[in-house]
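The values are calculated or read from the model by the stated rules, or taken from the named source; none is laboratory data. Since the structure is predicted, the reported quantities are computational estimates derived from the model, not experimental observations. When we count neighbours, we look across all protein chains shown, and the Cβ atoms used for this are built from the backbone with ideal geometry, even at glycine. Ligands, DNA and RNA are stripped out before the accessible areas are found, and what is left, the full protein with its side chains, is counted by its heavy atoms. Shrake-Rupley method; radii C 1.70, N 1.55, O 1.52, S 1.80 Å.
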Amino acid sequence: MKKVFAFVAVAAALMVAGKANAQLSVNGGFMTNFDNPTYKYTDLSGKEVKNDTLYNSGFGVWAGVSYNIDFSEHWGIAPGVYVNYVGDVDKTKAATTTVDMVDLNIPILFNYKKEFTSSFGIRGFVGPNIRYGVMAKSQVESTVTNTNVKTNLYKKPSGADHAPLTRTDLGLTIGVGVHFNAFQIQTGFNFGLLDRNPGKNVTLNMHQYFVGVGYVF
């Protein structure tokens, strides 16, 4: 949590320092989560095996604001604050599993822009971001046992050694966008770099693909 506050402080300092040359933008759009778990186990011969997978774990929306602070004709830096929501429903004959997640996302993106006309240009961006899990809940409705089990994924269950997920993730965001006058379209990918599963034999990285639109004031 201290890392999150430190990251917010840096972003706020950059906003204040460059406020005179900053452009406020309001952005929002759609996103999808990709989970990348790696399972380690020992086979019958005693050899350690790693099983790496990647799968879509839900769709959602995002919205927030950012300041783009130009420090040259082409280069700038854009701290921002966004809220992400992603949900997923998995149905089988035996049960229906629903997952809902809300994250606070704080990126600081270095960007390079190229203006072709006074009303049209492109921009590429890359930089780190902190994601902090505000809420993550799952619900399993079983048609076999006629039960409904709700779980807080950030809370340690009774008798367990740890919670199913950790709250904080450090990511690397890359993307590209275009603008038409004050309107902009952007798309990119956020690579989750930290292990979100506290277990010893599973490493879980959570990535996101996003697309959205925005308005620059």
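Of note:
- Scan of the range 59-80 for residues that are within 16 Å of Gln186 (Cβ to Cβ) and either out of contact with any strand residue (DSSP E or B) (no Cβ under 8 Å at 6 or more places or on another chain) or open to solvent by 30 Å² or more (accessible area, probe 1.4 Å) (or both), ordered by number: Val61, Ala63, Val65, Tyr67
- Residue ranges of strands (runs of 3 or more DSSP E) in the range 105-217 with at least 3 members open to solvent by less than 40 Å² (accessible area, probe 1.4 Å), without any contact (Cβ under 8 Å) to a residue 60 or more places away in the chain and in contact with a Pro (Cβ under 6 Å, 6 or more places away or on another chain): none
Yes or no, residue by residue, for (1) at pLDDT below 85; (2) in contact with a Gly (Cβ under 8 Å, 6 or more places away or on another chain); (3) assigned to a helix (DSSP H, G or I):
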residue	(1), (2), (3)
Lys50	yes, no, no
Tyr67	no, yes, no
Ser72	no, no, no
Val89	no, no, no
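- Check on Val99, in contact with a strand residue (DSSP E or B) (Cβ under 8 Å, 6 or more places away or on another chain), in a strand (DSSP E or B), under 23 Å from Leu193 (Cα atoms) and modelled with pLDDT of 95 or more: yes
- Answer from Asn197, Asn201, Asn181, Asn148 - the residue that is within 21 Å of the chain's Cα centre (by Cα) and either over 21 Å from Tyr85 (Cα atoms) or of a type in the set (S, T, N, Q) (or both): Asn197
- Checking Ile130, Ile122 one by one, the residue that is touching a Phe, Trp or Tyr at 6+ places or on another chain (Cβ under 6 Å) and β-branched (Val, Ile, Thr) is Ile130 and no other.
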